[in-house]
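The values are calculated or read from the model by the stated rules, or taken from the named source; none is laboratory data. Owing to the predicted nature of the structure, the values given are computational and were not obtained by experimental measurement. Here Cβ is always computed from backbone atoms with ideal geometry, including for glycine, and neighbour counts include all displayed protein chains. With ligands, DNA and RNA removed, areas are computed over all heavy atoms of the protein, side chains included. Shrake-Rupley method; radii C 1.70, N 1.55, O 1.52, S 1.80 Å.
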Amino acid sequence: MTNSSPAGPIIALFAAIGRIAVGWLAAVGRTALFGVQTLRRGLTPPYYPNKLFEQLAHIGWFSLPVVGLTAVFTGAALAQQTFTAGTRFNATSTVPAIVVIGIVRELGPVLVGLMVAGRVSSAMAAELGTMRVTEQLDALTTLRTDPYRYLIAPRLLACVIALPLMVLVANAIGIFGGYLIAVYKLGFNATGYLRVTRQFLEWSDFGMALVKAGVFGFFIALMGCYHGFRAGGGAAGVGEATRDAVVSAFILILVSNLLITVMAFG
Amino acid sequence: MSAVPKIELDGLSKAFGANRVLDGVSLAIAPGESLTVIGQSGSGKSVMLKCILGLIRPDAGSIRIDGEDITRLSERDMARVRAKFGMLFQGGALFDSLPVWRNVTFALTRGRNRSAARMKAIAEENLEKVGLGRQVLNLRPSELSGGMQKRVALARAIAPRPEIIFFDEPTTGLDPIRADVINDLITSLVEDLGATAVTITHDMASARKIAHRVAMLYQGEIIWCGPRDQLYESGNPYVDQFVQGRADGPIR
């Protein structure tokens, strides 16, 4: 190699770090451009309402079972844990409060986000990636239909609409899961439990949950579409795109969740 | 060629990283002409077509369609120019989420769900041209054989009656009889519709049948272009080796 001076390895280390950093920044830039491009084109006609409804059904309706399942079990487990920990401090009465706050503020949005990311980001990346490698995206453009308007914009909008609705459902089911354990296993009084739940249920918390859900929905669709759109290299390329979509959607959901929480409560 | 060429390429170049795929391709295609482009796999034939369609932006050179330079057009103007084109992709590139009849009429509906009855009639009419019956109308592309997919894709390409049609390996993967049906179809499209056709192929029988002229692309350049009758007497060692399919020769 050309670097034979003693500083060589150190420079090489910095160079490696620099390459990774530049690579990351380039990826962020490409993603941002992709998002801007989608917004710019998606906001101008032609619109495809039929595609939007199709996606809403795909993303929202068909994800409900898995979301409900996650919520009911998480709510129940949270109630049980809070109760177990609470017995040590003689504070078992906090169970309904902690369940409602925990579910509405954090667990509901984040778990729905992650579940839907696993289900939807991957499916979008695989579908669009396959369309890329089989030249269907080129065919679409050649047939004078803009893939951003026809494929990407409906997916983004559908996710931004569907996620908050799903979080509403998940929050209700999650609270109900906690209620089930508390009342039927831990011996809470049903009326009392619900009264405390209602007391700690803040509309502002719901508002924040919905904002989070909208942001997560945007990232889920953006990552699925971006990685699918850029897929290349046959089946292996589609596989990579799918994996990258899910991983990056997870990271963005977790990071943005923290940022929103810190901004709201910090 | 006294008239303005339908398609005119001048010094078209495109590189992917260090790989120079097109290196100064110049070519003029007259209206109503059928040109066949031959060349090895990976010699840039598909890239050339995709540059003309505006799917890939060339690094240098110009592309003129009916005398209009399209290399620097906005997305909206490019969409207008694309109305002149029909393209048969190598693998068909049918939309697998849509039934056959929606695929065939996609250039007309452009993704909207409108006038189903009329579109089905149009689809049927175009499918008939490629030798497919109405029983495939409601099938999904994945339910068709490879050859049928290719014919549906062909029906989709010709449905809007384009002025220019590109065929990317139209006979690859078809049995010799089906391949000849496609050859006849391409010939009749050029003759009946007066369309200008550019066909990429490795199939010499097909090239001889459908082409008025043949161009050979080698290492990013057009190394030979001439009437199809001279294809076997080109005197060009590269062309000779390619058309005779010999492993030894200047191309390796």
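Annotation note: Cβ proximity below 9 Å between a residue of region A:109-130 that is within 14 Å of A:Val247 (Cβ to Cβ) and a residue that is acidic (Asp, Glu) and open to solvent by 20 Å² or more (accessible area, probe 1.4 Å) (sequence gap 6+ or interchain) occurs for A:Ala125/A:Asp244. Considering each residue of region B:158-187, count those that are part of a helix (DSSP H, G or I) and in contact with a helix residue (DSSP H, G or I) (Cβ under 9 Å, 6 or more places away or on another chain), and give that number. Number satisfying all stated conditions: 12. B:Gly235 fulfils the conditions (1) in a helix (DSSP H, G or I); (2) surrounded by fewer than 16 Cβ atoms within 10 Å (Cβ to Cβ) except for a single criterion, (1). Starting from residues that are away from every other protein chain (no Cβ under 14 Å) and touching a residue at least 12 places away in the same chain (Cβ under 8 Å), keep the ones in region B:66-98 and report whichever is least open to solvent (accessible area, probe 1.4 Å). Filtering first and then ranking leaves B:Thr71. Starting from residues that are free of Cβ contacts under 8 Å to residues at least 24 places away in the same chain and of a type outside the set (S, T, N, Q), keep the ones in region A:78-94 and report whichever is most open to solvent (accessible area, probe 1.4 Å). Result: A:Arg88. Is region A:113-125 home to any residue that is assigned to a helix (DSSP H, G or I), within 14 Å of chain B (Cβ to nearest Cβ) and closer than 30 Å to B:Asp168 by Cα? Yes - at least one qualifying residue is present in region A:113-125. If you go through region B:188-229 and keep only what is closer than 18 Å to B:Gly245 by Cβ, outside any strand (DSSP E or B) and either open to solvent by 40 Å² or more (accessible area, probe 1.4 Å) or acidic (Asp, Glu) (or both), you end up with B:His202, B:Asp203, B:Ala205, B:Arg208, B:Lys209, B:Arg228. Picking from residues in region B:99-127 that are in a helix (DSSP H, G or I) and free of Cβ contacts under 8 Å to residues at least 12 places away in the same chain, the one that is least open to solvent (accessible area, probe 1.4 Å) is B:Thr109.
Residues that are among the acidic types (Asp, Glu) and open to solvent by 50 Å² or more (accessible area, probe 1.4 Å) within region B:157-182 comprise B:Glu163, B:Asp175, B:Asp180, listed in sequence order. Residues that are open to solvent by 90 Å² or more (accessible area, probe 1.4 Å), within 14 Å of another protein chain (Cβ to nearest Cβ) and over 30 Å from A:Gly177 (Cβ atoms): does region A:57-76 have at least one? Checked against the condition, which is being open to solvent by 90 Å² or more (accessible area, probe 1.4 Å), within 14 Å of another protein chain (Cβ to nearest Cβ) and over 30 Å from A:Gly177 (Cβ atoms), region A:57-76 yields no hits at all. Among the candidates B:Leu185, B:Leu154, the residue that is closer than 26 Å to B:Lys209 by Cβ, surrounded by 22 or more Cβ atoms within 10 Å (Cβ to Cβ) and either aliphatic (A, V, I, L, M) or in contact with a Gly (Cβ under 6 Å, 6 or more places away or on another chain) (or both) is uniquely B:Leu154. May I ask you to verify whether B:Ala15 is modelled with pLDDT of 90 or more and over 18 Å from the mean Cα position of the chain (by Cα)? Yes, satisfied.
Identify all residues within region B:128-142 that are in a helix (DSSP H, G or I) and small (Gly, Ala, Ser); write none if there are none. Reasoning before the result, please.
Taking region B:128-142 and keeping what is in a helix (DSSP H, G or I), we get B:128-129, B:134-136, B:141-142.
Answer for region B:128-142, where residues must be in a helix (DSSP H, G or I) and small (Gly, Ala, Ser): just B:Ser142.
For the criterion of being more than 12 Å from B:Ser34 (Cβ to Cβ) and polar (S, T, N, Q), B:Ser234 passes. Among the residues of this structure, A:Ala97 does not count as one that is surrounded by 21 or more Cβ atoms within 10 Å (Cβ to Cβ) and within 29 Å of A:Leu252 (Cα to Cα).
Would you be able to say whether some residue in region B:48-61 is over 26 Å from B:Ala153 (Cα atoms), more than 14 Å from every other protein chain (Cβ to nearest Cβ), in contact with a Ser or Thr (Cβ under 7 Å, 6 or more places away or on another chain) and open to solvent by 60 Å² or more (accessible area, probe 1.4 Å)? Yes - at least one qualifying residue is present in region B:48-61.
Quick check on region B:99-116: of everything there that is of a type in the set (Lys, Arg) and more than 8 Å from chain A (Cβ to nearest Cβ), which residue is farthest from B:Arg64 (Cα to Cα)? Filtering region B:99-116 for residues that are of a type in the set (Lys, Arg) and more than 8 Å from chain A (Cβ to nearest Cβ), the one farthest from B:Arg64 (Cα to Cα) comes out as B:Arg114.
Applying the criterion of being open to solvent by less than 20 Å² (accessible area, probe 1.4 Å) and touching a residue at least 60 places away in the same chain (Cβ under 8 Å) to the residues of region A:164-174, the residue that is nearest to the chain's Cα centre (by Cα) is A:Met166.
Within region A:213-245, the set of residues being basic (Lys, Arg) and either outside the structural domain of A:Ile59 (by TED's automatic domain parsing) or at pLDDT 95 or above (or both) comprises just one member, A:Arg243. Among the residues making up region A:126-146, those that are of a type in the set (S, T, N, Q) and assigned to a helix (DSSP H, G or I) are A:Thr130, A:Gln136, A:Thr141, A:Thr142. In region A:113-150, of all residues being hydrophobic (A, V, I, L, M, F, W, C) and touching an Asp or Glu at 6+ places or on another chain (Cβ under 9 Å), the one that is farthest from B:Pro160 (Cα to Cα) corresponds to A:Ala125.
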